[in-house]
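These notes concern the structure reproduced below.
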Amino acid sequence: MKKAMFIGAIGCGKTSFIQKLNELQMTYNKTQTIEFYNNVIDTPGEYVEHHAMYSNLMTTAIEADVIVLMQSATDPRIVLPTGFSTMFTKETIGVVTKTDIATNQQIEMVT
């Protein structure tokens, strides 16, 4: 299985998604630092929200096989700018989270 690195804004659901994928107990603690699991790298939202932290993401991505960029359907901010994925030399995919609690208008805005 490929090792995935999850990147997204604070509160977009990265850790919850990882916990579900790995059948872990659901706990809602703020991710304070990069956390490594067997097949997953969980990154704090601050790393993408503050441009000065981009270098941390690029360095950590060396350990990953695929980059997962996450956007919450309920967050109207554009945290992942156009071309963001080009800083990585790995396969990159996008995931829209929280579609179960978003309005159709919110979902259309982020997709």
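Please treat every number below as a calculation from the coordinates, not as lab data. Here the structure is a predicted model, which means the values were calculated and not measured. With ideal geometry, Cβ positions are generated from the backbone for all residues, glycine too; neighbour counts draw on all protein chains shown.
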Could you please give the count of residues in the range 97-111 that are hydrophobic (A, V, I, L, M, F, W, C), surrounded by 16 or more Cβ atoms within 10 Å (Cβ to Cβ) and either touching a residue at least 60 places away in the same chain (Cβ under 8 Å) or outside any loop (DSSP other than H, G, I, E, B) (or both)? 1
Looking at THR92, is it in a helix (DSSP H, G or I), surrounded by 13 or more Cβ atoms within 10 Å (Cβ to Cβ), among the polar types (S, T, N, Q) and within 13 Å of the chain's Cα centre (by Cα)? no
Can you pull out every residue in the range 1-45 that is assigned to a strand (DSSP E or B) and aromatic (Phe, Trp, Tyr)? PHE6, PHE36
Based on what the data block shows, is ASP75 over 21 Å from VAL110 (Cβ atoms), surrounded by 11 or more Cβ atoms within 10 Å (Cβ to Cβ), in contact (Cβ under 8 Å) with a residue 60 or more places away in the chain and of a type outside the set (S, T, N, Q)? no
Based on this model, can you work out whether ALA4 counts as in contact (Cβ under 8 Å) with a residue 40 or more places away in the chain and more than 16 Å from VAL110 (Cβ to Cβ)? yes
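Identify all residues within the range 54-72 that are surrounded by fewer than 18 Cβ atoms within 10 Å (Cβ to Cβ) and part of a helix (DSSP H, G or I); write none if there are none.
Of the residues in the range 54-72, the ones surrounded by fewer than 18 Cβ atoms within 10 Å (Cβ to Cβ) are 54-56, 58-60, 62-63, 65-66.
The answer is TYR54, SER55, ASN56, MET58, THR59, THR60, ILE62, GLU63.
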